[in-house]
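Dropping the structure in here first, questions after.
Derivation of every value follows stated rules applied to the coordinates shown; laboratory data play no part. Fair warning: this is a prediction, and the values are worked out from it, not measured in the lab. Reconstructed Cβ throughout: ideal geometry from the backbone, glycine too, with neighbour counts over all protein chains shown.
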Amino acid sequence: MPKSRTQLKKLPTPTQERTVVIVKPDGVKRGLVGEIIRRFEQRGLKAVALEMFSATKDQIDGHYPKAEAWITRLGTKTLDTYNQYKIDPKKELGTADPFAIGSKVRGWLLDYMTSGPMVKMIVEGIHAIDMVRKICGHTLPNKAEMGTIRGDYSVDSPAAANRDQRGIHNLVHASETPEEANHEIEYWFSPEDVYEYKRAEEDIMF
Ligand code: UDP
Ligand code: MG
């Protein structure tokens, strides 16, 4: 098989994308792997790679961005909930600086993502990156809409997770941008992990 099989540009139309989904350790331990995959399949998105694995902290460190802007955004997500529920970040975490909070959260995230086996997959389809994000719902389960994976099956919040010094248990990871998707596909998969096939309903749906 050619190496280019993982490349987006080889897909038939510009609207066809590939994105990475990872069922996190809480999703696996709660027996939600099938339910999570079902929701993507039901929408008409196609799994083209799928595997159970466990990751090292170094691997997770390379999976998530290290850019200051990304870490600051992580801290801002915590601060949004703190503002909403009138929690004082200085009292809880010793700082109100989003980058400092984001750095703590990123460390806890590495512990969470190495706390058990996970399931990784590449999902392919029209606007797959955005569609998958919608199906997953808001990062923070306390803000996630009903009908999304995180909204239907999780109840965690930064207010609870930070107090316990742990990552937010939100069941699933999904790439956010084409750049993240490309990085994660190359990072977690080899070309021979990816399968091309036609789903029965493709002729009718598209
Ligand atoms: N996270 C956390 N506390 C926060 C914000 C995020 O523990 O205040 C964790 C959560 O598990 C999330 C991950 O960090 O899924 C990565 O954060 P990101 O902002 O990229 O959210 P995602 O893309 O997963 O929705
Ligand atoms: Mg993200």
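On full extension of the chain, what length is gained from TYR187 through GLU202, given 0.36 nm per residue of separation minus the C-alpha to C-alpha distance?
Result for the pair: 2.5 nm of gain on full extension.
Follow-up question, since we're still on this one. What's the local net charge at VAL172, with K and R +1, D and E -1, over the other residues with C-beta under 9 Å away? Don't skip to the end; give the middle numbers.
Working: positive: LYS24, ARG150; negative: none.
Net of charged neighbours comes to +2.
Sticking with this one: Can you work out ³J(HN,Hα) from phi for every residue in the range 102-113, in order, using Karplus 6.51 cos²θ - 1.76 cosθ + 1.60 and θ = phi - 60°, giving whole Hz and x for Gly and Pro?
x, 5, 4, 4, 4, x, 5, 4, 5, 5, 4, 6
Skipping prolines and chain starts, which residues have an amide H placed within reach, meaning under 5 Å, of the one on GLU17, given they are 5 or more residues away or on another chain?
Those qualifying (amide H under 5 Å, at least 5 residues apart or on another chain) are GLY125, ILE126, HIS127, ALA128.
Quick check on packing: order 141-149, 198-206, 166-174 by the mean number of other C-beta atoms within 10 Å, highest mean leading.
Peptide ranking by packing, descending: 166-174, 141-149, 198-206.
Non-local amide H neighbours of ALA47 (under 5 Å, H modeled in plane, Pro and chain starts lacking H): which ones?
GLU124
Sticking with this one: Could you identify which residue out of GLN16, GLN42, GLN165 has the top mean-square fluctuation in a GNM of the chain using Cα springs shorter than 10 Å?
GLN42
Let me ask something else about it. Amide H of VAL172: which non-local residues (sequence gap of 5 or more, or other chain) have their own amide H closer than 5 Å, using H built in the peptide plane?
LYS24
What value, in deg cm²/dmol to 500, does the helix sum -39500 (n - 2.57) over DSSP H runs of n ≥ 4 give at 222 nm once divided by the residues of the chain? Show your work: numbers first, answer last.
Values: 11 runs with 96 residues, N = 206.
It comes out at -13000 deg cm²/dmol, rounded to the nearest 500.
Let me ask something additional. With the dipole of the chain worked out from charges on the C-beta (+1 for Lys and Arg, -1 for Asp and Glu) around the Cα centre, which of PHE99, ALA200, VAL21 lies farthest toward the positive end?
In the chain, that residue is PHE99.
Could I ask something else about it? Which FRET efficiency value, to the nearest 0.05, do you get for ASP111 and GLU145 by plugging their Cβ-Cβ distance into 1/(1 + (r/R0)^6) with R0 = 30 Å?
On the way: r = 28 Å, r/R0 = 0.92.
FRET efficiency, ASP111 to GLU145: 0.60.
Right, next: Could you give the radius of gyration (one decimal) and Dmax (whole number) of the Cα atoms in the chain, in Å?
Just the Cα atoms of the chain yield Rg and Dmax of 17.6, 58 Å.
Against the longest alpha carbon principal axis of the chain, how many degrees, from 0 to 90 and to the nearest 10, is the axis of helix 33-43 turned?
60 degrees
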